[in-house]
Each structure stands twice: as C-alpha cells, then as structure tokens.
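First up is the structure itself, then whatever we jot down about it.
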Amino acid sequence: MNKGIITKISVTLIVIVLVVIGVVSIAVSGRSGRLGISDTDGSSQTVANQPVPVVVTQPARRQLSRDLHIPATLRAYEKADLYAKISGYITQINVDIGSRVRKGDVLLKIAAPEVNDELRQCEAILEAKQAGVQAMAAAHKLKKITTDRKEQLAQEEAISPQELDEARGHLAEAKANVKVAESEVAVAKANVARLETLLNYTTITAPFDGVITARNFDHGAFVRSAAEGESLPLFTLAMANRIRLVMEIPGSDVPLVRVGTKVEIHAKCLEGDVLKAAITRTAVALNPSTRTMRAEADIDNTSGRISPGMYARVTVKLEVKENALLIPSKAIRVRGRDISVLVSRDGIARSCSVETGYDDGIWVEIVGGQLKDNDLIITSASSLVAPGTPVKPVSNMDLTAL
C-alpha cells in the first residue's frame with residue numbers, strides 16, 4: 001500500500017480519537033457541575049433534593065354566578081306588510097313613513113271602476129232572478145189550486161184519472177221550477193257578496209296600533225293585487241311601543257334557559273343604562289342548522305328609546321350556585337382523560353384528581369374529586385414540578401376577597 005495513503009489514514013484516526021476524548025471530558029465535567037460534586041470535603045448534594053419555590057393558594061368557597069354573553073336583535077313586537085287585495089288606482093293616501101296609527105285607521109283607498117260596474121251588473125241579475133222566483137211561485141200556487149180542484153172532481157168521477165195525473169205532473173213541475181229559480185237567486189246573491197267584499201278591500205286599514213316604517217306607492221299609481229303577483233307591499237306597519245328581544249341560545253346552555261330566566265340588555269341607544277327583563281317564550285326545539293334555540297323577551301318601549309332592528313348585547317343569567325368550590329383555572333393539569341391539580345402537602349408536591357364544572361378561563365368550579373378546602377394548590381411552576389418533588393410555598397392568594 002502507498003505510504004502516503006497509510007499516513008493520511010493514521011492522521012485521520014488520531015484526530016477522531018482526540019475529538020471523542022474531548023467530548024467525553026466535557027460531558028463528564030458538565031454532569032459533575034450539575035450534580036454539585038465537591039472536591040474539597042467529599043460531600044454531594046443534588047439540585048433535585050433542593051425544594052422548588054412555588055406559589056400556592058387555597059380553594060375558595062363563594063357564590064358562583066354563571067352568565068351567558070350573546071348578541072341579540074331588537075324587533076317590533078308585531079310587524080305586517082300590507083298588500084292590495086284588489087287591483088286599481090290609488091286615490092287617497094293618509095299616512096307616510098313615521099306616521100303613528102291606531103287600529104282601524106284608514107291608510108289608503110283604491111279605485112276599481114271595473115269591479116263597481118260588475119257589481120251593478122250582478123245586482124241587476126239578482127233582481128231579475130228574484131222576480132223570476134216570484135213568477136214561479138205564483139205559477140206553482142195556481143197549479144196547486146188547479147190540482148186540488150181536480151182531486152175533488154176525480155173523487156166525484158167528474159174527470160178521468162188521466163186528467164188528474166196530468167194536473168199532478170204540472171204541479172210537480174211548477175214546484176221544481178221554483179226550486180231552480182231560488183237556487184239561481186242564491187248564486188246571484190253570492191256573486192254580489194263577493195264583489196262587495198272585494199270593494200271593501202279598496203280601503204286599507206291598520207290591523208293594529210303602530211308606526212308606518214315603509215311606503216312604496218304614491219297617489220295615482222296603479223297597484224296589482226297580491227293574488228295577481230304584486231311583490232311590493234303598500235305599507236309596512238310595525239308595533240314600536242313593545243319590542244321583542246330575540247336571541248339564540250347555544251345548545252349546551254339550553255337546559256338552563258326557561259321562561260322567567262333573567263336577562264340584562266346593553267345597547268348604544270340606552271346610553272349606558274342597562275335594561276332588565278325576563279325570557280317570555282322559547283322555541284323549545286333547536287334549529288338543526290345552527291344547533292341553537294330561539295328565545296324571546298318582551299320589552300316595554302313606550303318611551304321610544306328603542307327602534308326595531310337595533311343590535312344589543314345580552315347577559316343571560318343561567319344559574320347561581322351558593323358555596324361553590326373555586327380554584328384558578330391555570331392550576332388544572334390535563335393528562336389525557338385525567339384531570340388533576342398539584343397540591344403541597346408536608347413540603348411535597350402531590351397529584352390530586354378532581355372533577356371540574358363551570359370554567360370561565362379564570363376560575364374553575366370543582367364538583368368532585370380528592371381536593372380538600374385546606375389544600376395548598378400549586379399555581380406556578382406546575383409544568384416544572386412533578387408529583388413527589390420537594391416544594392417550598394412562597395405566597396398565598398386570598399380568593400375570598402374576590
């Protein structure tokens with residue numbers, strides 16, 4: 001083998017050996033420093049045996065008020081789009097947007113001359129039919145008298161049985177004619193009533209007390225009836241002296257919301273004031289698309305401070321628990337399905353399993369487990385402290401002052 005190659009290989013091996021020796025020396029030196037090995041007196045003490053300073057606090061028992069903060073909409077208690085039932089020209093408008101009206105007030109009138117003409121025609125037909133009934137009734141009366149006389153003559157054998165049968169036939173025919181004429185009169189009356197009803201719709205009145213929030217037509221405009229395809233209402237009427245607060249309750253909180261649940265309403269129009277109300281009705285069932293339940297509360301708005309369509313923030317008072325056991329949320333340790341806290345007992349960190357309830361991110365309710373009221377819960381360095389580690393409590397937090 002070439003001496004040059006052998007020399008290079010030897011040098012390389014020497015360098016590798018020197019590097020390995022250096023790394024091992026550094027590692028040993030670092031380990032000795034961490035373990036605190038003393039070369040002077042031969043004693044040794046590890047950092048692991050030194051107590052770890054930790055901040056602790058005790059659980060607190062106090063009233064727990066669970067609130068739900070959600071957006072809501074303020075809507076008119078009642079709202080109606082008013083359409084024309086009959087086509088025609090607008091001849092009179094008595095209101096505009098913002099007008100306050102009472103139930104039964106005339107809002108608008110429509111002229112429908114064709115319907116008026118048709119009504120007069122139907123009334124004339126009705127009169128003719130009624131006259132026909134009178135004529136048929138007179139004919140029937142005469143046939144009845146004639147038949148009665150022939151009955152008597154037939155008993156005296158003054159006429160043949162055939163003449164009597166003919167008289168009876170004429171009487172039955174006259175009676176049927178009266179029935180037909182009376183039916184025609186009934187049909188004519190129905191036509192007249194239908195047209196009179198349609199003409200009643202030429203006057204649009206307010207169905208309830210409220211304020212006009214929309215007006216879409218002017219004097220002289222031709223409007224079609226809704227039945228003929230008109231999609232634009234004449235007016236929109238809203239009841240503004242009473243407001244519906246509409247909110248959507250998340251499915252997880254639905255069991256805690258019922259009729260009578262208290263709510264607090266915050267809105268810019270209230271200028272810092274907070275309205276208090278109670279839920280008046282709930283949908284009971286959840287909306288499948290949102291998994292929320294609709295709930296409503298009625299608000300008196302006689303002062304006019306609230307306008308329908310406004311946005312509000314609502315605080316729903318879900319539940320109040322007396323003497324609830326609370327600890328800081330940051331003390332909770334989750335390992336898979338196990339939930340625990342670290343407590344300091346006799347200077348040693350020990351794991352204590354717990355069952356949690358309501359958690360708002362700051363405080364968590366403890367509803368079960370091994371935690372005791374006088375335990376010192378480790379709230380700091382919990383990720384650096386393992387169960388069995390010596391610890392030294394350094395301060396306490398007084399939760400009862402909160």
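The values are calculated or read from the model by the stated rules, or taken from the named source; none is laboratory data. None of the values given here were measured: they were computed from a predicted structure. FYI the Cβ positions are ideal-geometry reconstructions off the backbone, even for glycines, and counts take in every protein chain you see.
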Selection from region 234-291 of residues that are of a type in the set (D, E, K, R) and not in a strand (DSSP E or B): Asp253, Arg258, Lys268, Glu271, Asp273, Arg291
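Quick grid of which residues meet (1) β-branched (Val, Ile, Thr); (2) in contact with a Ser or Thr (Cβ under 6 Å, 6 or more places away or on another chain); (3) in the same structural domain as Ile378 (by TED's automatic domain parsing):
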site: Pro328; (1), (2), (3): no, yes, yes
site: Ile332; (1), (2), (3): yes, no, yes
site: Asp346; (1), (2), (3): no, no, yes
site: Ser353; (1), (2), (3): no, yes, yes
Qualifying residue in region 392-399 (condition: at pLDDT 85 or above, surrounded by 14 or more Cβ atoms within 10 Å (Cβ to Cβ) and touching a strand residue (DSSP E or B) at 6+ places or on another chain (Cβ under 8 Å)): yes
Pairs, first farther than 9 Å from Thr147 by Cβ in region 163-174, second aliphatic (A, V, I, L, M) and in a helix (DSSP H, G or I), C-beta under 6 Å, six or more apart: Ala174/Ala139
Count of region 298-309 residues which are assigned to a loop (DSSP other than H, G, I, E, B) and in contact (Cβ under 8 Å) with a residue 24 or more places away in the chain: 8
Residue ID - farthest from Leu318 (Cα to Cα), chosen from residues in region 247-292 that are charged (D, E, K, R) and at pLDDT below 90: Glu271
Of the criteria (1) under 30 Å from Tyr89 (Cβ atoms); (2) outside the structural domain of Ile86 (by TED's automatic domain parsing), which one Glu163 fails: (1)
Enumeration of residues in region 69-90 that are among the hydroxyl-bearing types (Ser, Thr, Tyr) and either touching a Gly at 6+ places or on another chain (Cβ under 8 Å) or within 20 Å of Gly309 (Cβ to Cβ) (or both): Thr73, Tyr77, Tyr89
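Being among the β-branched types (Val, Ile, Thr), under 30 Å from Lys268 (Cα atoms) and out of contact with any Ser or Thr (no Cβ under 9 Å at 6 or more places or on another chain) is the filter here; which residues of region 55-94 pass it? I'd like the intermediate steps shown before the answer.
Residues of region 55-94 among the β-branched types (Val, Ile, Thr): 55-57, 70, 73, 86, 90-91, 93.
Those still in the list that are under 30 Å from Lys268 (Cα atoms) too: 70, 73.
Answer for region 55-94, where residues must be among the β-branched types (Val, Ile, Thr), under 30 Å from Lys268 (Cα atoms) and out of contact with any Ser or Thr (no Cβ under 9 Å at 6 or more places or on another chain): just Thr73.
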Condition check for Lys143: under 30 Å from Ala206 (Cα atoms) and charged (D, E, K, R): no
Exclusive hit being surrounded by 14 or more Cβ atoms within 10 Å (Cβ to Cβ), in contact (Cβ under 8 Å) with a residue 24 or more places away in the chain, of a type outside the set (Gly, Ala, Ser) and under 26 Å from Asp218 (Cβ atoms), set Val133, Val185, Val192, Val101: Val101
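Residues are listed down the side, and each one gets a yes or a no for (1) under 30 Å from Glu118 (Cα atoms); (2) touching a residue at least 24 places away in the same chain (Cβ under 8 Å); (3) surrounded by fewer than 17 Cβ atoms within 10 Å (Cβ to Cβ); (4) not assigned by TED's automatic domain parsing to the domain that holds Tyr89:
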| site | (1), (2), (3), (4) |
| --- | --- |
| Ala221 | yes, yes, yes, no |
| Gly229 | yes, no, yes, no |
| Arg244 | no, yes, no, yes |
| Ile249 | no, yes, no, yes |
| Lys262 | no, yes, yes, yes |
| Leu275 | no, yes, no, yes |
| Pro288 | no, no, yes, yes |
Total residues in region 208-233, condition touching a Ser or Thr at 6+ places or on another chain (Cβ under 9 Å), assigned to a loop (DSSP other than H, G, I, E, B) and aliphatic (A, V, I, L, M): 0
Residues satisfying the stated conditions in region 136-155, i.e. of a type outside the set (A, V, I, L, M), closer than 30 Å to Val192 by Cβ and surrounded by 15 or more Cβ atoms within 10 Å (Cβ to Cβ): His140
Leu171 surrounded by 16 or more Cβ atoms within 10 Å (Cβ to Cβ), in a helix (DSSP H, G or I), among the aliphatic types (A, V, I, L, M) and at pLDDT below 85: yes
Filter result for the condition that a residue is in a strand (DSSP E or B), modelled with pLDDT of 95 or more and within 15 Å of His69 (Cβ to Cβ), over Ala312, Ala295: Ala295
